[in-house]
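Working notes, structure below.
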Amino acid sequence: MNCDSCKSSDCTASVRKENETESEFQDRCRLQSKLCRIRHKIIVLSGKGGVGKSTVAVNLAAALVLEGKKVGLLDADIHGPSVPTMLGLEHQQVLQTDDELLPVDTDGLKVMSLGFLLQSQNDAVIWRGPMKATVLKQFLQDVQWGDLDYLIIDSPPGTGDEPLSICQMTGPGTYAVIVTTPQKVAAVDVRKSITFCGQLHIPILGIVENMSGFACPKCGEVTHILPAGISMEMAEEMRVRFLGAIPIDPKIALACDNGQAFIRHFASTGTAMIMRDIVQPILELDADRINEIVN
Ligand code: ADP
């Protein structure tokens, strides 16, 4: 059996590699047949945890759905799967066909997370590397994603084994968005994320600075608690596009805690407008404009 999802002669899954067993080849065909149906894979990375990576991933995905796109959201943060909580899906069960897991559908967004498969939210995942890589692979190859315009992948933080496994599995057609906060310590880690993408040949769509100042809940004015401009300067220096700065907005925290996508439920706020601007280059991600976007 080979991958029969397309007739492309240059598909890498059309021929078995020399040192590949039959079952490895079939596995690769299965993965490829899923990935072929996903036009753009966007991996959301961060140098460290707690900078708002999942918040950004959830809102990017929701914003793309609001733009009429077919979107999947894969919560690949195995040790801290927060997407179910952020979308109010904590008690959802994943349905199964003979050989596929069905993603949970919420407002037209297809979601998969390890959080759906754990017995309790208190369960800690204590797995070694190979086990984690296997689960991540299953999330790509055994989930019924169908035809998608975008698969947004909420990566584990850092540049370790798990982000590496995901990037290697998704392969060509994967782009990165890097989330950071306006602090020097965060910027140091972002440089590592940029190098990581460079080494894996993953084009970076840009950097999002989150928690950039505080948006007053009364008047919306943004006060810069930490020095402004750190991420923008670093982006310029590293020759990566700066996508925008999202302030600390109590409504974001509230939306996350209430299981609502902020951009959908607080669509008329200034912060939602900033998020919509950040999504623009992702929407423009079509073949003709790609070099313009990532260069
Ligand atoms: P990470 O994925 O990087 O670990 P999360 O996205 O889980 O971070 O965010 C951590 C917490 O910070 C969440 O409770 C989220 O609601 C909150 N948060 C993230 N960004 C903002 C923001 N801009 N304003 C207010 N709260 C935020």
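The values are calculated or read from the model by the stated rules, or taken from the named source; none is laboratory data. Fair warning: this is a prediction, and the values are worked out from it, not measured in the lab. For neighbour counting, all protein chains shown are included, and Cβ atoms are generated from backbone atoms with ideal geometry for every residue, glycine included. Only protein heavy atoms, including side chains, enter the accessible area calculation; ligands, DNA and RNA are left aside. Shrake-Rupley method; radii C 1.70, N 1.55, O 1.52, S 1.80 Å.
Values for this structure:
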| item | result |
| --- | --- |
| Gyration tensor (alpha-carbon) shape descriptor, the chain, a/c threshold 1.5 | prolate |
| Contact order relative to length of the chain, as percent, for alpha carbon pairs under 8 angstrom and 6 or more apart | 22 percent |
| Peptide ranges 75-81, 115-121 listed from the most packed, as the mean C-beta count within 10 angstrom indicates | 75-81, 115-121 |
| Residue-averaged [θ]222 nm for the chain, counting only DSSP H segments that reach four residues, each worth -39500 (n - 2.57) | -11000 deg cm²/dmol |
| Max mean-square fluctuation residue, GNM over the chain, Cα-Cα springs under 10 Å, options THR170, THR223, THR85 | THR223 |
| Accessible surface of the stretch 23-165 [probe 1.4 Å, protein heavy atoms]: carbon and sulfur percent | 45 percent |
| Listed pairs LYS17/LYS192; LYS132/LYS192; LYS53/LYS251 exceeding 27 Å between Cα atoms | LYS17/LYS192 |
| Rounded, prolate or oblate (a/c below 1.5 giving rounded, otherwise prolate when a/b exceeds b/c) for the stretch 8-163 by Cα gyration tensor | prolate |
| For peptides 89-95, 26-32, sequence by mean Cβ density within 10 Å, most packed first | 26-32, 89-95 |
| In order through the stretch 241-249: 3J(HN,Hα) via Karplus (6.51 cos²θ - 1.76 cosθ + 1.60), integer Hz, x for Gly, Pro | 5, 9, 7, x, 10, 9, x, 5, 10 |
| Backbone N under 20 Å from the THR134 label point (7 Å along Cα→Cβ), restricted to the stretch 18-51 | 21-32 |
| Förster-model FRET efficiency, 22 Å R0, ILE225 and LEU254, C-beta, rounded to 0.05 | 0.70 |
| Carbon and sulfur %, accessible surface of the stretch 195-295 computed with the full protein complex present, 1.4 Å | 54 percent |
| Per residue solvent-accessible surface (Å²) - the chain, probe of 1.4 Å | 49 Å² |
| Cβ-placed point charges (K, R +1; D, E -1), dipole of the chain about Cα centre in debye, nearest 20 | 380 debye |
| For peptides 56-68, 235-247, 98-110, sequence by mean Cβ density within 10 Å, most packed first | 56-68, 235-247, 98-110 |
| Mean separation of Cα contacts under 8 Å, 6 or more apart, over the residue count of the stretch 59-145: relative contact order % | 34 percent |
| Modelled label reach - GLN199, point 7 Å along Cα→Cβ, the stretch 127-161 residues with backbone N closer than 14 Å | 158-161 |
| Amide proton proximity set for ILE246, modelled H, under 5 Å, gap of 5+ | GLU209, ASN210, MET211, SER212 |
